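Here the structure comes first, spelled out in structure tokens, and everything after it is commentary.
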Amino acid sequence: MVLHAPTVLIQFSGESDTRVLQSGAVVDSDDRRIVVEFLGQVHPGSSNRATVYFNEQDAFHRQDAEVVRVMKGGEVTQVVLATVGGVQEAESRSNVRVCVAAAGIITRIGQDACRLFDVSGTGIGVISPRPLRVGSTPTLRLSHGGRVHLGQGRVQYCFRQGDGRVRAGLLSIDADANNASLSEVCDLIQREQQLKLERLRRMSASG
């Protein structure tokens, strides 16, 4: 499968939270493989299975794949995938949660400054300095690159990870219609990640 989409979203089976997808840049592709680069570390898991999501011809698709090789170098991780089966239609892109932890973005949940972990068109996942009560509806403010999303979020889950950090997920509710949507902010963050990947590749090639 030759991919024309410059970026893809990948779900690695066996991750601690398989609902969160990793955003990567397509380096190369043909009928049997896809080569993708990511900012930071990625963890394919022990099963080596993956699902690749991408936009093509104004539709959202998915392609099953197997991880063939993972190569880490500096700030970039390159993953080689072998395609399995054919391309299928996928769910709406607005429901897809994209991991943006490598971007180092801080968002405010009530009075707390939280590190943004993932974002979709309907909600966010954060690393919080303290536990958040499930069912509570704190103010949610996400600002990035001149785009601001301001509204309320309902805490859907909250748990302490193995490393001791608190992970929480919030569903966006009652957002101001005059503010940027979460989808806009999510797309902006992903575009910036891809631009950084391109700069790193150019630096590597010139060195």
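Estimated from helices alone, the mean residue ellipticity of the chain at 222 nm is -4500 deg cm²/dmol (sum of -39500 (n - 2.57) over DSSP H runs with n ≥ 4, per residue).
Based on C-alpha pairs under 8 angstrom that are at least 6 apart in sequence, segment 97-190 has a relative contact order of 28 percent. Given a 10 angstrom Cα cut-off, can you work out which residue in R62, R108, R133 is the most mobile in a GNM of the chain? Maximum among the listed residues: R133.
Ranked by how many other Cβ atoms sit within 10 Å of their own Cβ, fewest first, the residues V8, V84, V36 fall in the order V84, V8, V36. If you run the Gaussian network model on the chain, springs between alpha carbon atoms under 10 Å, then out of R49, R141, R130 the most flexible one is R130.
Close amide H contacts of V27 (hydrogens built in the peptide plane, cut-off under 5 Å, sequence separation of 5 or more or a different chain): V35, V36, E37. Averaging the sequence gap over all C-alpha pairs within less than 8 Å and six or more residues apart, then dividing by the number of residues, gives the chain a relative contact order of 15 percent.
Within the listed set S47, S181, S120, the residue fluctuating most in the Gaussian network model of the chain (springs between alpha-carbon atoms under 10 angstrom) is S47. The alpha carbon gyration tensor of segment 97-190 gives principal lengths a ≥ b ≥ c with a/c of 1.5 or higher and a/b no greater than b/c, which makes the shape oblate. Treating the angle as unsigned and between 0 and 90°, give the value, to the nearest 10°, between the Cα long axis of helix 182-206 and the longest Cα principal axis of the chain. Taking Cα atoms only, the helix is inclined about 40 degrees. A run of the chain free of exposed loop cleavage sites, with GluC sites (Glu not before Pro) counted only in DSSP states other than H, G, I, E and B and at most 15 other beta carbons within 10 Å, reaches its longest extent at 92-207.
Can you work out the base-10 log of I(q)/I(0) for segment 7-91 at q = 0.13, 0.19, 0.22 1/Å, using the Debye formula on its C-alpha atoms alone? Debye intensities relative to I(0), on a log10 scale: -0.36, -0.79, -1.08.
Basic side chains Lys and Arg get +1 at the Cβ, acidic Asp and Glu get -1 at the Cβ, and with that the dipole of segment 7-91 about its Cα centre reaches some 320 debye. May I ask you to derive the FRET efficiency for A5 and D176 from their Cβ-Cβ distance with R0 = 25 Å, giving the value to the nearest 0.05? Efficiency for this residue pair is about 0.20.
Every number in this text was worked out from the coordinates using simple rules, so none of it is lab data. Since we're looking at a predicted model, the values are computed, not measured. Heads up, the Cβs are rebuilt from the backbone with ideal geometry, glycines too, and the neighbour counts pull from every protein chain shown.
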